[in-house]
Amino acid sequence: MGTMATPFKHKKTSVYYCRVSVPKDLRDIVGKTELKRSLHTKDINQAKRLFPEIYSEFNCVIETAKRKLETELKIKHRRTTSPDKLTMFDVQVLASRYYNNEIEALRSHETFCANAIAKYDLILVNLGNWKGNSEVTLEDFDVMFGGNEDSSARPFQHDRNEALVECLGEVTDKLLADNGYAIPRESKYYQILIQTLALKAQKLSQVAMQYYSNNFDDSDFEQLAYQDTTPPLNNLTVTTGTKPRELFDRYEEDLRLQKQGQEKTLKRTIKDYEVVIKRFIEFSNNKSIEDVTSRDIAEFRDLLLRLPSRPSKNVTSMPLLKQVEYAKANKLKTLAPKTVRKLLMALSAIFEFAKEQTLIDINPVHGSAKRLSQTIKQRSGKEKEYPKEDLLRIFNSPIYTDSFRPPRADYGEAVYWLPLLAYYTGARREELAQLYTLDIKEINGIHYFDLEANDDDKSLKNCSSVRKVPIHNDLIDLGFLSYVKSLKNSKRLFPKLTIGGDGTYGDNVGDWLGLYFRNKLKVNSQLRPIHAFRHTFKTNARLVGMSKDVHDTITGHNSGDVSSSYGHYPLELLHQEINRIPSIPVELNRIKWKLN
């Protein structure tokens, strides 16, 4: 493919770049002969770390262009071998898409563009005295084709077809190609479509003048009833378009190409996104993506807000509308706006992919979560962390005093250690749950966690998450190193944890801890069981006067300060600072881990 597999060093500036040569047959589609981006570094090691992500992005652009070219070539071949046909409804949809795209172009200008009026007037002048009907009807189709597919009859019986093609031929060709239709110019289906576009041009000329006079109204957008009840006419076939499931399968394939080597993160993403696409398929009755409107998405959003939160299996087996009725009748808690927003963002990503693939012109999901953002209550940091009374309940619980473990699931010692490790490190749940025993290391007498995504079943949130976190002295006093030693030949720090359906090791044990904390210990039900310790760590770090750049380094937060990227934070310094974090509010000897 002519790509360069390593960073390219600029001869004059010594700055490294990522460069990918665009194949000749794809240059018209990509619009460039080469994809190039600076890595903004003169350090080869840093360049090598930054290179793969951008290189993968460029390859994705190339692959997308390839698929577009393949589609164009297939359409070109089908025009001569097996051209498509249109129904009356197809013509109406295509013409309205053209019309609405033109209206959107008018609206996008902050000031009126005189070229718009000139463009439509030129079309009308070139058409001379041609007059078309204001609407294409079922009877028109019967007249056009005369009940005979091979009929050469021309609709509306006029002699201006050459003028139509000269004015609107390129527009019509692009409209058909963008929507996946293979129809040659000599086809009668092409003729009726181009004449329908001419009717729209007449209307657009009037709208452009209204826009110029500041009388433009959003009602000028055409709304289609996207349920075609018209039977196929004269053996015309109905095109079904791209179904949501087909789109999702293509999106998943594209994700796998982009995220090679990130299988764990990929699995979790696919599972989350599949939830919303399945719900949308049921809601929309498997409507083709080309026919999905913003109104559809608004109704889907409202339905999601009425679905029950944490439903039982017998409820999830019900149709969506039945779930809504059940939740209302039983006064169940429904999905939070924050959850619905997350689902819509996932759906938007899928439709944005469809837009990139030229399957649709506009992403109908775009902007649908704005209203939700306003309804989401922003909680303060204090509301997200554990107060002292909750910490007392947790670390005085039978998990620590009586070696209590879940009776129906075996998570091993993870239920004991995960809360403690989270409290003393501020690390994320999965960063801890996925650890290997070899990730517990020692240098110059300082034991530390080496957090790095160095295997397929490990993942980190971002570059800042790669770090070394010293082990707090309290953890050593509680027997953590003895626990690690007891694992002997075990590869994993928590061998009883298995990877779940979302691609994580910590999800199931996290759910169990959450239920135990809420139901048995009466801890604040709004808190996320492990993540709340991360907030607690941050507050404790500020209380003892730890500098922001140091506790950001320990917790893997990106400070956003350019100066923080200069130099490094010695392990000795981090060890000294982390031991300033206060002990949990219980007597350590009372809850010390013992080998059973």
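The values are calculated or read from the model by the stated rules, or taken from the named source; none is laboratory data. Computed from a predicted model, the values in this text were never measured in an experiment. Every residue, glycine as well, gets a Cβ built from its backbone with ideal geometry; the counts of neighbours run over all protein chains shown.
Residues are listed down the side, and each one gets a yes or a no for (1) touching a residue at least 40 places away in the same chain (Cβ under 8 Å); (2) part of a helix (DSSP H, G or I):
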residue	(1), (2)
181	yes, no
190	no, yes
194	no, yes
208	yes, yes
Within the range 384-406, can you find the residues that are under 15 Å from residue 518 (Cβ atoms), in a loop (DSSP other than H, G, I, E, B) and more than 37 Å from the chain's Cα centre (by Cα)?
397
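Scan 66, 12, 36 and give me the residue that is more than 30 Å from residue 184 (Cβ to Cβ), in contact (Cβ under 8 Å) with a residue 12 or more places away in the chain and not assigned by TED's automatic domain parsing to the domain that holds residue 255.
On the way: 66 fails: more than 30 Å from residue 184 (Cβ to Cβ); 12 fails: in contact (Cβ under 8 Å) with a residue 12 or more places away in the chain.
Going through 66, 12, 36 in turn, just one is more than 30 Å from residue 184 (Cβ to Cβ), in contact (Cβ under 8 Å) with a residue 12 or more places away in the chain and not assigned by TED's automatic domain parsing to the domain that holds residue 255: 36.
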Residues of the range 165-202 satisfying the condition of being modelled with pLDDT under 85, touching a Lys or Arg at 6+ places or on another chain (Cβ under 8 Å) and over 16 Å from residue 84 (Cβ atoms):
165
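When the range 426-452 is examined, which residues are found to be of a type in the set (Gly, Ala, Ser) and in contact (Cβ under 8 Å) with a residue 60 or more places away in the chain?
Pass one, the range 426-452, residues of a type in the set (Gly, Ala, Ser): 426-427, 433, 445.
426, 427, 433, listed by residue number.
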For the range 26-73, which residues satisfy the criterion of being assigned to a helix (DSSP H, G or I) and touching a Phe, Trp or Tyr at 6+ places or on another chain (Cβ under 6 Å)?
47
Every residue in the range 407-429 that is outside any loop (DSSP other than H, G, I, E, B) and more than 19 Å from residue 516 (Cβ to Cβ), please.
424, 425
What's the number of the only condition in (1) modelled with pLDDT of 60 or more; (2) under 26 Å from residue 105 (Cα atoms) that residue 243 fails to meet?
(2)
Pick from 336, 346: which is touching a residue at least 24 places away in the same chain (Cβ under 8 Å) and closer than 19 Å to residue 271 by Cβ?
346
Restricting the range 305-318 to residues that are modelled with pLDDT of 85 or more and of a type outside the set (Lys, Arg), the one surrounded by the most Cβ atoms within 10 Å (Cβ to Cβ) turns out to be 307
What do you reckon, is residue 19 in contact with a Pro (Cβ under 6 Å, 6 or more places away or on another chain) and surrounded by 15 or more Cβ atoms within 10 Å (Cβ to Cβ)?
no
Answer from 518, 580, 528, 534 - the residue that is of a type in the set (Lys, Arg) and modelled with pLDDT under 85:
528
Members of the range 508-525 found to be part of a loop (DSSP other than H, G, I, E, B) and without any contact (Cβ under 8 Å) to a residue 60 or more places away in the chain, listed by number
525
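Residues 472, 535: which one is within 16 Å of residue 422 (Cβ to Cβ), within 30 Å of the chain's Cα centre (by Cα) and in the same structural domain as residue 554 (by TED's automatic domain parsing)?
Working: 472 fails: within 30 Å of the chain's Cα centre (by Cα).
Being within 16 Å of residue 422 (Cβ to Cβ), within 30 Å of the chain's Cα centre (by Cα) and in the same structural domain as residue 554 (by TED's automatic domain parsing) holds for just one of 472, 535, which is 535.
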Which residues, taken from the range 203-219, are modelled with pLDDT of 75 or more and aromatic (Phe, Trp, Tyr)?
none
